[in-house]
């Protein structure tokens, strides 16, 4: 079965039945690199056995990300909740305008219909694809080929995308689109077909949150520069 050895802390781990080198991290708990050997003939008898942490499965990574999202700061939760309530309020107003159109005349001609502002937020015409597409490409490559600590770079990219917009709502929407598409493609290219929908939803949530953070940072910096 073989052994995983660490020359830094002088320890080893004997692989058990059914275990593979691919199931474990590349680094020991001490920070040293692990090396696979078939037998212990080349190892000093004074080395001590240890426990090597296994790699997190994609399901575990997804649960951790969902848990981190559920533990958002209270102020951020209130802001997201307020945004959702305002969106619902606009939908309700739009329905009321449609119901009163026949009795009070046509308000659409005067540009007073709340659906106009709602369409501006939901359509894709104000998506800045020249920025969104490169972000999608980079995040997809990270999720496909370099899982691990580099996945944190995806949050930085999404926040940076939101930071590039003067309008915070547009920044959130562009980051949301980029997050959803890139997480969908990353899950697709890695063969995680059962997680396509959850990862897409997770990407959209990450994009919205990071886009909001980027827009909020730009707002704070702009206020301080005045």
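The values are calculated or read from the model by the stated rules, or taken from the named source; none is laboratory data. A quick note: this is a predicted structure, and the numbers were derived from the prediction, not measured. Here Cβ is always computed from backbone atoms with ideal geometry, including for glycine, and neighbour counts include all displayed protein chains.
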### Summary
When the range 144-172 is checked residue by residue, the ones that are surrounded by fewer than 24 Cβ atoms within 10 Å (Cβ to Cβ), part of a helix (DSSP H, G or I) and within 14 Å of the chain's Cα centre (by Cα) are 144, 149, 150, 151, 152, 153, 155, 156, 157, 159, 160
### Task
Of the numbered conditions (1) under 22 Å from residue 149 (Cβ atoms); (2) modelled with pLDDT of 80 or more; (3) touching a strand residue (DSSP E or B) at 6+ places or on another chain (Cβ under 8 Å), residue 37 fails exactly one; give the number of that condition.
(1)
### Message
over 26 Å from residue 27 (Cβ atoms) and not in a helix (DSSP H, G or I): is that true of residue 183 in this structure?
### Response
no
### Message
So the check is Cβ under 7 Å with 6+ separation or different chains; which pairs have a first residue in the range 132-158 that's modelled with pLDDT under 90 and a second one that's exposed (fewer than 13 other Cβ atoms within 10 Å of the Cβ)?
### Response
142/150
### Query
Does any residue of the range 75-96 turn out to be at pLDDT below 60, more than 30 Å from residue 203 (Cα to Cα) and in a helix (DSSP H, G or I)?
yes
